[in-house]
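As structure tokens, the structure follows; a few thoughts come after it.
The values are calculated or read from the model by the stated rules, or taken from the named source; none is laboratory data. Because the structure is predicted, anything quoted here is derived from the model rather than measured. With ideal geometry, Cβ positions are generated from the backbone for all residues, glycine too; neighbour counts draw on all protein chains shown.
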Amino acid sequence: MTDIPAIRETLLATVAQSNAPQEVLRAPEFRKLYAQIPALPAEERGAFGQAVNELKTAIEAAVDARQAELDQVDVAPIDVTAPFDVNATRPNLLPAENGSEHPLTREMTIISDIFTRMGFVAEESREIDDQFHMFESLNFPKGHPARDDYDTFMTTQVDQNGDSFVAPAHTSTMQHRLLVQYRDMLAQGEPIAALVPDRVFRNEDLDAKHEHTFYQVEGIYVGKSINVGNLVATLQTFLEEYYGRKLNVRINPFYFPFTEPSFEFALECPFCENGCSVCSGSKWVELLGCGMIHPNVLRAANIDPAEYTGFAFGCGIDRLVMMKYQIEDIRNLESGKLDFLRQF
Ligand code: FA5
């Protein structure tokens, strides 16, 4: 005959020490006891079955009591997002040599510093914007074909006009906000000089110099009698300061709805003499778009284009960095390849 009191003692002791007491209810002892019942002589079955049920009830009560005890234990909260164990007395920080600033972040600081020394204030952009700032405020009316040049990612959610929100395809989406924000400077006789370095997105065919997610730096300068000469001198000064040498720059006429006239600046390709995949055989790498701010863009911000003129530019930061460090493929920058990043 099985010794039920002995089993009871063993199971109660196990429950008392267990951190998962429910598991004791699935102990093999119960299975074995229930398996014995059909094999017993008929006159013993009732009493034995009752003893097993009483055992089960006692263990269940002990399990509930132990679980209640465990639930009361005061466990310090754990912040799973923290880079170290918050319960440890001294945080176990990762060794500093395991990480470093990303080259794009570092170069953005250098670029902002140069423009700050030239009198520009730096502002942040946003990663979701509306179609007014992406298009209408920049003189792209609804249905304008040039909207297709800025094919980007859109939300299924729409605003009060029924338009999707957009992941900005260029930092120019900030032009209208900057003009409105700093418009009062003009009345005080000061120019508007503002800069936006930030991330932008495009639905692009990827290659050595095209990414879907990249960085641009936008600049605007508005004041009295500002002309193309000021634009070219500002960009030439910036580029020569950034690269620390005289440069061969090509300036071509171009078209943007929000500037008139518009231009493109290209740098001589540092990778080849006769054309390569980076410059698509042209020996020049396009770095930035720019121009004199269109009167409609000034008007949309309540600035009188008869009184004030200004220039704007939007420069690809990844391209600037590629040219500086002779990086042959833009996709390396966002690849997360440590072998590549450790070179910087
Ligand atoms: C623009 O984005 C205009 N907003 C620039 C501008 C601003 C013009 C203000 C006038 C006034 P564009 O599409 O050409 O223009 O892009 C500007 C620069 O961003 C390019 O010269 C290039 O350096 C960079 N760029 C464009 N597309 C990509 C891409 N897919 N990957 C990496 N860099 C890119």
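Only residues in region 55-74 that are touching a residue at least 12 places away in the same chain (Cβ under 8 Å) count as the first member; pair them with residues that are of a type in the set (D, E, K, R), Cβ under 7 angstrom, at least 6 apart or cross-chain, and list the lot.
Listed by first residue and then by second, the contacts come to L55/R8; A58/R8.
Please state which of the following conditions Q160 fails to meet, knowing it meets all the rest: (1) assigned to a helix (DSSP H, G or I); (2) away from the ligand (no atom under 16 Å from the Cβ).
(1)
Just wondering, is there one or more residues in region 133-143 that are touching a His at 6+ places or on another chain (Cβ under 6 Å), away from the ligand (no atom under 11 Å from the Cβ) and among the small types (G, A, S)?
yes
M134 versus (1) surrounded by fewer than 18 Cβ atoms within 10 Å (Cβ to Cβ); (2) touching a strand residue (DSSP E or B) at 6+ places or on another chain (Cβ under 6 Å); (3) without any contact (Cβ under 8 Å) to a residue 60 or more places away in the chain: which is the lone unmet condition?
Single failed check for M134: (1).
I'd like to check something: does region 243-255 contain any residue that is in a helix (DSSP H, G or I), in contact (Cβ under 8 Å) with a residue 60 or more places away in the chain and not small (G, A, S)?
Yes: one or more hits.
Give me the pairs: first residue in region 17-36 and in a loop (DSSP other than H, G, I, E, B) and surrounded by 12 or more Cβ atoms within 10 Å (Cβ to Cβ), second residue modelled with pLDDT of 90 or more and of a type outside the set (K, R), beta-carbon distance under 7 Å, and six or more apart or on different chains, which are they?
S18/V24; A27/L11
Among the residues of region 313-334, is there at least one that is surrounded by 16 or more Cβ atoms within 10 Å (Cβ to Cβ), free of Cβ contacts under 8 Å to residues at least 40 places away in the same chain and farther than 20 Å from M174 by Cβ?
yes
Looking at E127, E101, E123, E136, can you tell me which residue is at pLDDT 85 or above and over 30 Å from S335 (Cα atoms)?
Of E127, E101, E123, E136, the one residue that is at pLDDT 85 or above and over 30 Å from S335 (Cα atoms) is E136.
Regarding R342, is this residue more than 22 Å from F258 (Cβ to Cβ) and charged (D, E, K, R)?
The answer is yes for R342.
Which residues, taken from region 205-240, are among the charged types (D, E, K, R), at pLDDT 95 or above and away from the ligand (no atom under 12 Å from the Cβ)?
K224
Per-residue answers, yes or no, for (1) more than 21 Å from M322 (Cβ to Cβ); (2) touching a Leu at 6+ places or on another chain (Cβ under 6 Å); (3) charged (D, E, K, R); (4) more than 10 Å from the ligand (Cβ to nearest atom):
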site	(1), (2), (3), (4)
L179	yes, no, no, yes
R183	yes, no, yes, yes
Q188	yes, no, no, yes
I192	yes, no, no, yes
P197	no, no, no, yes
N203	yes, no, no, no
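Report yes if V249 is at pLDDT 90 or above, within 14 Å of the ligand (Cβ to nearest atom) and aliphatic (A, V, I, L, M), otherwise no.
For V249, the condition - at pLDDT 90 or above, within 14 Å of the ligand (Cβ to nearest atom) and aliphatic (A, V, I, L, M) - is not met.
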